[in-house]
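Everything on this sheet refers to the single structure shown next.
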Amino acid sequence: MFDNLTRKVGAALGQLSGKRTLTEDNIAETLRTVRLALLEADVALDVVQNFLGKVRLRGVGSEVSASLSPGEAFLKIVNEELIEVLGGASEGLNLSTQPPAVILLAGLQGAGKTTTAAKLGVFVKERLGKQVMLVSADVYRPAAIEQLKTLASGAGLGFCESSIEETPLAIATRALQAAKTQFADVLIVDTAGRLAIDDELMLEISELHRALNPVETLFVVDAMTGQDAANTARQFGEVLPLTGVVVTKADGDARGGAALSVRQITGRPIKFIGQGEGVEALELFHPDRIASRILGMGDVMSLIEEAEQKIDKAKATKLAKKIQKGRGFDLSDFRDQIQQMNNMGGLTGMLDKLPGMANMADAAKARVDQQNFGQLEAIINSMTPKERSYPDVISGSRKRRIAMGSGTQIQDVNRLLKQHKQMQKMMKKMGRKGGMANMMRGMGGMLNQGKRPF
């Protein structure tokens, strides 16, 4: 998400390099480029004009301090205004009510409400420690109820059975009673969507809202619908007292216009952003972190939080002890590292969150994509336990067997063995006294090379 916008805004801000002060003349071209970039990202025109007006007002005549270049000073202004456009502070769920707290999901068909219901359930269960029950009041889409039931079962969440023979209101009323008797802390209600807004949909969702009195009424919107997402959210907001927005399928949209428009147009905060198909792929929406990503400054906090949640700590501790004792980093360890990286969204997903690395993501994607990671795993899985532990025994005939077993070429096997040797050397340095500090200094140098020119 925001890939195109990040590149274009970064290039625009680079135009101010070398200027002593920020004037109307020297920021005019920059603002024109930023304006075009925002419009191409499908940000609503009135949002673009309001944003650029504030940036121009603050930027013109600003003196550049000794510690900041004009580009950096302007970047600071743009960053602060972007955070304001995106909503200022992060807002989570408000569940401060007598259980069960009801969360009602609304939105058009295809926006991802059913998947979001399960993702939200996992978030509430794992992050907030609450007992969660899901229910589907979508009696129009044939597989909706079964889909939610399957997702709930896989995620270990409670589920209230429903049927297409019932009315949505009857389902919701019965689910609320079931949540009370089963001591669920939170009831998440998935509702039906339509291909477009109609009176029948609005009447039905209004009745459900009155019956359930939810503490959270979240509008679920597909990021790839762009500017239309914000306009649809506004129409729902005229009928329902929305408390927030969930932007879905953000990983499939390189523009990001929906996120930049919906907050300003609806006046409601974006509370969550969905990136990925797994039930864990839901993040709290942090305006400051998103603004930082858009401007190519990375999002280290999200990367750290992701690492804490997704890295297998037992395996990481075991590997660290193994390295400290001077034992070799074998191919089984290498495979574990590949799997851990995949859990973190792959190499490009991690690069996108590192300062100065966002513009390198496309180049990295071309060289090391997710399919490549899968290929590396397949090659290692085609080896015998002895070959994984002692890669030096892998001769020509063994390479041919491994290549055939993994559906790859011998050169692919050779490439993996070379990559493993490089990783082995790096891990060996980590095991030495002061090795970690030396490695961090080296990484710092790499990051500095990827920094902005201003």
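The values are calculated or read from the model by the stated rules, or taken from the named source; none is laboratory data. Bear in mind the structure is a predicted one, so any value in this text is a computation, not a measurement. With ideal geometry, Cβ positions are generated from the backbone for all residues, glycine too; neighbour counts draw on all protein chains shown.
Brief remarks on what is shown
- From the options Arg452, Arg388, residue that is of a type outside the set (Gly, Ala, Ser), closer than 19 Å to Gln337 by Cα and either modelled with pLDDT of 85 or more or not in a helix (DSSP H, G or I) (or both): Arg388
- With respect to being of a type outside the set (Ser, Thr, Tyr) and within 23 Å of Ala211 (Cα to Cα), Pro100 fits the description.
- Every pair of residues 6+ apart whose Cβ atoms lie under 8 Å, when the first sits in the stretch 139-156 and is closer than 21 Å to Lys125 by Cα and exposed (fewer than 14 other Cβ atoms within 10 Å of the Cβ) while the second is basic (Lys, Arg) and modelled with pLDDT of 90 or more: Gly156/Lys125
- First in the stretch 29-50 and of a type outside the set (Ser, Thr, Tyr), second anywhere and surrounded by 22 or more Cβ atoms within 10 Å (Cβ to Cβ) and part of a loop (DSSP other than H, G, I, E, B), Cβ under 6 Å, 6 or more apart: Ala41/Arg255; Ala41/Gly256; Asp42/Arg255
- Helices (runs of 4 or more DSSP H) within the stretch 45-139 that include 1 or more residues at pLDDT below 90 and under 23 Å from Ala281 (Cβ atoms): 70-86, 113-128
- Members of the stretch 22-44 found to be assigned to a helix (DSSP H, G or I), of a type outside the set (Val, Ile, Thr) and under 27 Å from Gly267 (Cβ atoms), listed by number: Leu31, Arg35, Leu36, Ala37, Leu38, Leu39, Glu40
- With respect to the conditions (1) modelled with pLDDT under 80; (2) under 21 Å from Thr115 (Cβ atoms); (3) surrounded by fewer than 22 Cβ atoms within 10 Å (Cβ to Cβ), Ala250 lacks only one, and its number is (3).
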